[in-house]
Amino acid sequence: MKYLTLILISLSLLLTGCASTEESQTKAAQYVFPDLEEVNSIDNFRMDGWSSVDNRSVIVDNRPRESYLLILDGPNNDLKFAQALLITSTMGKVEAGFDSVSTAAEPRIKFRIKHIYRLKDKTQKEEIKLRISNFKH
């Protein structure tokens, strides 16, 4: 009887693990944009403005008419209400997988930048905002 209970518990845990893995893979796929130009870094970065899209993505303006979509490695629930955004950089260069984003209210809570996508124009910015907002979280 003990063995049967142990087997049922193990099976239950295995199925729960598979479900959460599938959910995390689906969520990760939502933030991959094969139609956009993905770049490894932003050179000569000087933030001119920014807007949060959701708790895992933000659009930053580097110069007039030069914008990037930053996808974070986790949900930052402060993004929507943040008054200021902090982005780490090394000698003016922001790199995916190395640099991070935080808010002025919680500067020690940092989220690594997972992907950087170059956005062509204002129309593409609006399209991406709409696509991300239509994700089912």
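The values are calculated or read from the model by the stated rules, or taken from the named source; none is laboratory data. From a predicted model like this one, the values you see are computed outputs, not experimental measurements. Reconstructed Cβ throughout: ideal geometry from the backbone, glycine too, with neighbour counts over all protein chains shown.
Just checking, does the range 109-127 include any residue being of a type in the set (Val, Ile, Thr), surrounded by fewer than 18 Cβ atoms within 10 Å (Cβ to Cβ), part of a loop (DSSP other than H, G, I, E, B) and at pLDDT below 95? Yes, some residue in the range 109-127 is of a type in the set (Val, Ile, Thr), surrounded by fewer than 18 Cβ atoms within 10 Å (Cβ to Cβ), part of a loop (DSSP other than H, G, I, E, B) and at pLDDT below 95. Filtering the range 73-85 to residues that are surrounded by fewer than 22 Cβ atoms within 10 Å (Cβ to Cβ) and closer than 14 Å to VAL101 by Cβ leaves ASP73, GLY74, PRO75, ASN77, ASP78, LYS80, ALA82, ALA84, LEU85.
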